1. Would you please give the FRET efficiency between Gln288 and Asp192, computed as 1/(1 + (r/R0)^6) with r the Cβ-Cβ distance and R0 = 25 Å, to the nearest 0.05?
2. Rounded if a/c is under 1.5, else prolate if a/b is larger than b/c, else oblate: which is segment 235-327, with a ≥ b ≥ c the root eigenvalues of its Cα gyration tensor?
3. Do the alpha carbons of any pairs in Lys228/Lys330; Lys130/Lys173; Lys130/Lys228; Lys146/Lys204; Lys173/Lys194 sit beyond 19 Å of each other, and which pairs?
4. Sort 124-131, 230-237, 77-84, 160-167 by the packing proxy (mean of other Cβ within 10 Å over each peptide's residues), most packed first.
5. Gain in length, Glu310 to Cys268, computed as 0.36 nm per residue apart minus the alpha-carbon separation, to one decimal in nm?
6. For segment 118-195 and segment 217-248, compute the distance between their C-alpha centroids and round to whole Å.
7. Can you list residues from other chains, or at least 5 along the same chain, whose modelled amide H is less than 5 Å from the amide H of Thr279?
8. Write out the trypsin sites (Lys or Arg not before Pro) in segment 153-209 meeting two conditions: DSSP loop, and at most 10 other Cβ atoms within 10 Å of their Cβ.
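We did not get these values from a lab; they are worked out from the coordinates using the rules stated. The structure presented is a predicted model; accordingly, all values stated were derived computationally and were not measured. Don't worry about glycine lacking a Cβ; one is built from the backbone with ideal geometry, like all the others, and counts go over all protein chains shown.
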Amino acid sequence: MAKPGRGESGGISVYLQQIGNMRLWGILLALTGLAACSDEKKPAVATDEKGTGSTAATSFGGFRAARVPYSLSDTALLRHSDTTALDADRFTGYLPDSLRSALFGSARIRYSPLARIGGEEGSETYYVVKAAAGARQAALLFVFDKQQALGGAFPFLAPDSDPSTAQTSGIDKSYSIVRSVVRKKTNETSSDGKDVFIYNAAAKTFTLISTDPLEDRRDVLNPIDTMKRTHPLAGDYVRNERNFISVRDARSPSEISFFVHFEKDEDCSGELNGTALLTSSRTAVYRQGGDPCVLELTFSANSVSMREMEGCGSHRGVQCLFEGKFPRKKEVSPKSTPKKKGKK
């Protein structure tokens, strides 16, 4: 039976199998026990000088306090209908561009509160927020440090459109983030997968510490596949259907958009969707504020080589790196229809 209200899988699965289960783009799993809004009057949200508000997390109203272990299912998230709206500009400002693009593209996002976890005795505070744009829905996790400054944003849950899967995400007593998925098979059996992440306060990032993928893996969804490819470096660089780098146009000719997905073995996979700056006619570097990952792409006439320059652990398994050479896939030109000879 199909789950109610599921939207299109869109461009998520990556950041979201970044993005999510690293093998299941579009399955960034969801949590149970949704939060009801507080009956108290919502306090005003403090803003910083730029009005974006990267501090004063305790002033966010409408969040119900929750204790660990905390969990949320995909069905519960999709059924959640809280009408309390959070400051859209503020929360969109908290999201890295690559995560926002992978989940919602350029659509306007509406945010509503789900739960507030932690914050006792000066520890980090975790806010679970529902984000929706059109038919697309996801649960995001925002972490604020002891000084109430933004520490990081994480794709906590992004339901897929597959009626055979049931997804759950949670935070256990050690504050590890566990995303799991169960898929029912036609022979009344099931398979399951699980990813476990921890928040690294020093690096202000989330790190994948273990992964147990589904036995029957689904196709990798490429979130930038339909983007323009007029840039000289644009194209698909492919080893096989589960190991490839796609390059597309970006907003500026001095940049490229790219999506990387690789799987070395059952214990190691990686995925990254972002924008890289051209440092020469043949070299581009991914470096984004708030993300410790630095990735270099070096192009030749018929291939691209990938090299991890600084820690990209939040985008891959702990036993592997972003590295290797990928041959360029030849473009298939549409066949022209031969002109019929006119009668003499």
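1. About 0.15, to the nearest 0.05.
2. Numbers: a/c = 1.88, a/b = 1.24, b/c = 1.51.
Oblate, since a/c reaches 1.5 and b/c is not below a/b.
3. Numbers: Lys228/Lys330 16 Å; Lys130/Lys173 22 Å; Lys130/Lys228 31 Å; Lys146/Lys204 12 Å; Lys173/Lys194 17 Å.
Checking Cα-Cα distances, Lys130/Lys173; Lys130/Lys228 exceed 19 Å.
4. Details: 124-131: 23.6, 230-237: 17.0, 77-84: 15.1, 160-167: 19.8.
Ranked by mean Cβ neighbours within 10 Å, highest first: 124-131, 160-167, 230-237, 77-84.
5. Roughly 13.3 nm would be gained on extension.
6. 27 Å
7. Ala284, Val285
8. On the way: sites: Lys173, Arg179, Arg183, Lys184, Lys185, Lys194, Lys204; in loops: Lys173, Lys185, Lys204.
For trypsin sites (Lys or Arg not before Pro) across segment 153-209 that sit outside H, G, I, E and B with at most 10 neighbouring Cβ atoms in 10 Å, the list reads Lys173.
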